[in-house]
Structure formats: structure tokens, C-alpha cells
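*Asks:* Take this structure, written in C-alpha cells, and hold onto it; I'll ask about it next.
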Amino acid sequence: MPKPTEITPAFLANLSQIGQEVCPYRVGGRQAILVNDIDLAKAVLNDESTYKNYYHPYTELSSAFERRAEFVFSKAGSKKKSTSIEISKIIDANTDKLVSSILGNSSNSGVCITDAVRASLLDIMLEILFDCKIGKHSAELTRALACIEKHHATKNSLNFTRFSKTEIFEVEMANSVSRAAIDILVSKSRHLKRVRTTLGDHRFLIAITRTLQKAYNTPAMVLSWSLWLLSRHTLEQEKLRGEILIHSEVGEFLELSKIRRLNLARSIILETLRLLPGAWALGREAVRNSKLAGRDIPCETIVTVSPYAMQRNERFWNRAKVFDPSRFDESRSNSKKPEPFFPFGLGPRQCPAQSFAMLMLQYIVGKIVREYHIEKIDSDDLLPTGYVALRPSRPIKLSLRHI
Ligand code: HEM
């Protein structure tokens, strides 16, 4: 039984190659399994009474959400045109800011986009969900939350080793920066103030930081990966530019309802989510004894279902490591929904914002590609690393050149 010191995407992908439906391993002295079959994955993710997800209910914040958050959390997206335009404007203005910050920092050696993308997505989500702008604090907050995420994922929950003094200091600093930024956020929203009073400080802090992590960090990583992939696949970039220009003029305001018609933009985001799914491993804990594929799963076993491992497995996908958006082309006559493909999870805890997330990412990538060539700057030796979200082993660097 393999005993990794740290659970990484590469470890899960290798384990999945073994080919068994259920692959056992041990982590931090505990028994764990990787579920490696789509029907078993569905069974696990649908059975919350046996396989528990300790993630919090984001609905604790629901009374603080703006009316337009309905659009974010509804499967079909709101039918109301005015809400769609309002949200398009928020995404549009923040994409302009993101592009300016990339261009402003650009040198011959390109620019690291990861932090800028994170801060922009946080700004978008804060404005849509809570009608709040926290200015320069969004950059501080995203850096602090990234530091907390890294330490918790690598040291605390997976290795169970103790933090060193320096690490404790780093995490405490990050905690106090994020608390200060969240205080500013609360001071700008009377709805959040009321929810904090109702939930109490501690529960509120957990609800807001975890909801924000979900709302900006995963999509920020997916956006960064899709820009990185496009910088390496210039033909796809050209085709996408062509598709967007058929549907709009350069300089014209894009609107979310138009984005729905962009088949290639959608396929590019889906193919990014197949190869580099932001949510790379979904964790559950068995809360009673059970059986999977004839194997006994004792209570307290860690149960991992990994979109990353299954979506890159050659047993399930042809040319699994190759970036090929045409796999998701809806106009293909014999197109059938590919499986296993579940970047937004499955069952009752699947992402409540998946339709919105797709539209938002298509929008931002579409707007950038319409006006800029995304150019490759650095070497290809970038590895996907897992903390909570799938992130690059070093910051993604690229450059934008106006068309
Ligand atoms: C490309 C972008 C995104 C991806 C790949 C993604 C992926 C996922 C996945 C896989 C889950 C299920 C986790 C599990 O079963 O353990 C999830 C849950 C969740 N997502 Fe997303 N997500 C994205 C964007 C968003 C956005 C924009 C929001 C906005 C608020 C959001 C809010 C949530 C929330 C609140 C949950 C928890 C639901 C629950 O526990 O019941 N996500 N997401």
C-alpha cells in the first residue's frame, strides 16, 4: 500500500494508473482510498450519510447575498436580461483592470499573472455577491488566503506534522491580514454585519473565508491555466478570436447572453477543466463501515475522488494528455457526453455556481483574446501542484500583445 508523504496530483494520477476500481493508500497514519471508477464515484458523492463532506453550507451567508447572486447560484442562470447585463458590466470592468495590471507590469520577460488573476476574481465575486469593493485590500486578502491554504493543505490536514516557528509566524500574519481585510468588507455591507452578529465571529469567519475561497480561488486557477494553455496553442487562440469576432465587433461591449453562443470558448474552458481541474481532489470521510467494489471500507477511511486522476487517465480518454477542445464540440454529429468528466463535482454537493462559472470564464478569456495575442514567455516545465485548488508549481508568466 503506497504511503505518500504528501498527496499530490501526480501521486493520485499514478495511483489511478494501477487500474483498480478502488486503490488503497495510507496517509498520516490513516487508511485512505482513491475511487477510480465513475459509477463508484457517483455512489460515493451521492451518499452523504456514509461519506461525509465536512465542507460548510455556504447558505449561512444567503441573507447577505445581493439579489443578483441568484444568477450565480442558479443552474440555468437568471432569465432576467437586466441582471445578466448588470453582471456582464461588473465582469467587463474588472477584466479591463486585470488586463491593465498585466500590461502595466509587463517587461520583456513577461509578467506573473497568478496573483493579479486571483485579486480580479475576488473583486468580481465581492461585487456580485455583496456589492462591495475593498480596493487594494483584495490583493492583500488573496495573498493571505493563499498562504493559509498552502500551510493548511501541506502541513496540517495531510501530513499532520507540526508547524515550525517560522511557519506559525507566517500563518499568524496571514490570519491577521485576512481578518483585517474581512473587517473592512463587513464595514462596507450592512447585510454582512447583520449575518456576523447572528452567526458569531468564529462561524462567520469560517463561512465567509470558505465561501470566498470557493468563489474566487478555483475559478482564478482555471482562468490562469486556460490563458497558459492558450499561450501554447496559438491555432486555438486564432480560431477563438475568429468565433468571437463573428459574434461581436472589437471594442463593443460583450454581454453574457451572447457568450452562451460561443461554442469554441466553451470547449476551451471545458478542455482546461478536463486537463487541469481547479478542484482536483474531492475529499470525504467514511462515517460508518461500508463496502465499495466488494472491498471493506472501515469507518474513518479517507475517501478521495479525483477529477484530475480520472480525467487524465488513458483508460478512459483517448490521447488523454493532449489539449484538444474539439472533444467538447457540441456541433459534432456523434458527440456524446464524455465520461468520466466532473470538474464541478457530482451529487448533492456539486458546485452550485457551475453555469455561472462557465459563463464568467468564457467571458474573460473571450474578451482578452478578442483584443490581445496571449504569448508564451517561459519554459513548459510547469507542474500542476495541489493545495486546495490545483495551482502551478511556479507563478504563470505570459505576455499580452495588442492586435
Ligand atoms: C471553474 C470554477 C469552479 C470550479 C471548477 C468549481 C468546482 C467545485 C466543485 C468540484 C465543488 C464540489 C466539491 C466537493 O464535492 O467536495 C464545488 C463546490 C462549491 N462551489 Fe464551486 N467551482 C467553481 C466556481 C465556483 C464559484 C464562482 C462559486 C461562487 C460562489 C462557487 C461556489 C461553490 C460552493 C459554495 C461550493 C460548496 C457547495 C456545498 O458544499 O454544498 N464555485 N465547486
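*Asks:* For the list (1) in a loop (DSSP other than H, G, I, E, B); (2) under 13 Å from the mean Cα position of the chain (by Cα), I need the number of the one condition that Val322 fails.
*Replies:* (2)
*Asks:* Do we have Ser399 as surrounded by fewer than 18 Cβ atoms within 10 Å (Cβ to Cβ), among the hydroxyl-bearing types (Ser, Thr, Tyr), more than 16 Å from the ligand (Cβ to nearest atom) and more than 15 Å from the chain's Cα centre (by Cα) here?
*Replies:* Details: surrounded by fewer than 18 Cβ atoms within 10 Å (Cβ to Cβ): no; among the hydroxyl-bearing types (Ser, Thr, Tyr): yes; more than 16 Å from the ligand (Cβ to nearest atom): yes; more than 15 Å from the chain's Cα centre (by Cα): yes.
So Ser399 fails the test.
*Asks:* Return only the number of the condition from (1) modelled with pLDDT of 85 or more; (2) under 20 Å from Pro395 (Cβ atoms); (3) part of a loop (DSSP other than H, G, I, E, B); (4) not basic (Lys, Arg) that Asn108 does not satisfy.
*Replies:* It is condition (1) that Asn108 fails.
*Asks:* Here's a check for you: in segment 237-249, which residue that is among the acidic types (Asp, Glu) and out of contact with any helix residue (DSSP H, G or I) (no Cβ under 6 Å at 6 or more places or on another chain) is nearest to the ligand (Cβ to nearest atom)?
*Replies:* Taking segment 237-249 as the starting set, the residues that turn out to be among the acidic types (Asp, Glu) are 238, 243, 249.
With the extra rule that they be out of contact with any helix residue (DSSP H, G or I) (no Cβ under 6 Å at 6 or more places or on another chain), the set shrinks to 238, 249.
On the way: Glu238: 24, Glu249: 28 Å.
Residue satisfying both the conditions and the ranking: Glu238.
*Asks:* Does Thr8 qualify as being away from the ligand (no atom under 16 Å from the Cβ), under 30 Å from Leu122 (Cα atoms) and surrounded by 16 or more Cβ atoms within 10 Å (Cβ to Cβ)? Break it down stepwise before answering.
*Replies:* On the way: away from the ligand (no atom under 16 Å from the Cβ): yes; under 30 Å from Leu122 (Cα atoms): yes; surrounded by 16 or more Cβ atoms within 10 Å (Cβ to Cβ): yes.
The answer is yes for Thr8.
*Asks:* Filter segment 258-270 for residues that are of a type outside the set (A, V, I, L, M) and more than 11 Å from Met360 (Cα to Cα) and give the result. If you could, list the steps in order and put the result at the bottom.
*Replies:* The first filter runs over segment 258-270 and keeps only residues of a type outside the set (A, V, I, L, M), leaving 258, 260-261, 263, 266-267.
Correct list: Lys258, Arg261, Asn263, Ser267.
*Asks:* For segment 202-227, which residues satisfy the criterion of being crowded, with 18+ Cβ neighbours inside 10 Å and either more than 15 Å from the ligand (Cβ to nearest atom) or β-branched (Val, Ile, Thr) (or both)?
*Replies:* Phe204, Ile208, Thr209, Thr211, Thr218, Val222
*Asks:* Of (1) within 21 Å of the chain's Cα centre (by Cα); (2) at pLDDT 95 or above; (3) aliphatic (A, V, I, L, M); (4) over 18 Å from Leu229 (Cβ atoms), Ala286 satisfies all except one. Which?
*Replies:* Of the numbered conditions (1) within 21 Å of the chain's Cα centre (by Cα); (2) at pLDDT 95 or above; (3) aliphatic (A, V, I, L, M); (4) over 18 Å from Leu229 (Cβ atoms), the odd one out for Ala286 is (1).
*Asks:* Could you list all residues from segment 25-50 that are part of a strand (DSSP E or B) and in contact (Cβ under 8 Å) with a residue 40 or more places away in the chain? Spell out the reasoning first.
*Replies:* Step one: list which residues in segment 25-50 are part of a strand (DSSP E or B), which gives 25-27, 30-35.
Those that are part of a strand (DSSP E or B) and in contact (Cβ under 8 Å) with a residue 40 or more places away in the chain: Val27, Arg30, Gln31, Ala32, Ile33, Leu34, Val35.
*Asks:* To continue, here is another question. Conditions first: (1) away from the ligand (no atom under 16 Å from the Cβ); (2) over 18 Å from the mean Cα position of the chain (by Cα). Leu383 passes all but one, so which condition is the exception?
*Replies:* Only one criterion is unmet by Leu383, namely (2).
*Asks:* Would you check if Glu66 is in a loop (DSSP other than H, G, I, E, B), surrounded by 12 or more Cβ atoms within 10 Å (Cβ to Cβ) and at pLDDT 90 or above? If you could, list the steps in order and put the result at the bottom.
*Replies:* Values: in a loop (DSSP other than H, G, I, E, B): yes; surrounded by 12 or more Cβ atoms within 10 Å (Cβ to Cβ): yes; at pLDDT 90 or above: yes.
In short, yes.
*Asks:* Right, next: Among the candidates Phe323, Phe316, single out the residue that is modelled with pLDDT of 95 or more and aromatic (Phe, Trp, Tyr).
*Replies:* Values: Phe316 fails: modelled with pLDDT of 95 or more.
Exactly one of Phe323, Phe316 is modelled with pLDDT of 95 or more and aromatic (Phe, Trp, Tyr), namely Phe323.
*Asks:* In segment 196-310, which strands (runs of 3 or more DSSP E) lie fully inside it and hold 1 or more residues that are among the acidic types (Asp, Glu)? Spell out the reasoning first.
*Replies:* Working: elements: 282-286, 290-292, 295-297, 302-305.
Qualifying strands (runs of 3 or more DSSP E): 282-286, 295-297.
*Asks:* Something else: Please go through segment 1-15 and pick out each residue that is more than 20 Å from the chain's Cα centre (by Cα) and either among the polar types (S, T, N, Q) or part of a loop (DSSP other than H, G, I, E, B) (or both).
*Replies:* Met1, Pro2, Lys3, Pro4, Thr5, Glu6, Asn14
*Asks:* Spot the failing condition for Leu346; the list is (1) within 12 Å of the ligand (Cβ to nearest atom); (2) closer than 17 Å to Ala220 by Cβ, and only one is missed.
*Replies:* Result: Leu346 passes all but (2).
The values are calculated or read from the model by the stated rules, or taken from the named source; none is laboratory data. Quantities reported herein were computed from a predicted structural model and do not represent experimental measurements. All Cβ positions, glycine included, derive from the backbone under ideal geometry; neighbour counts span all protein chains shown.
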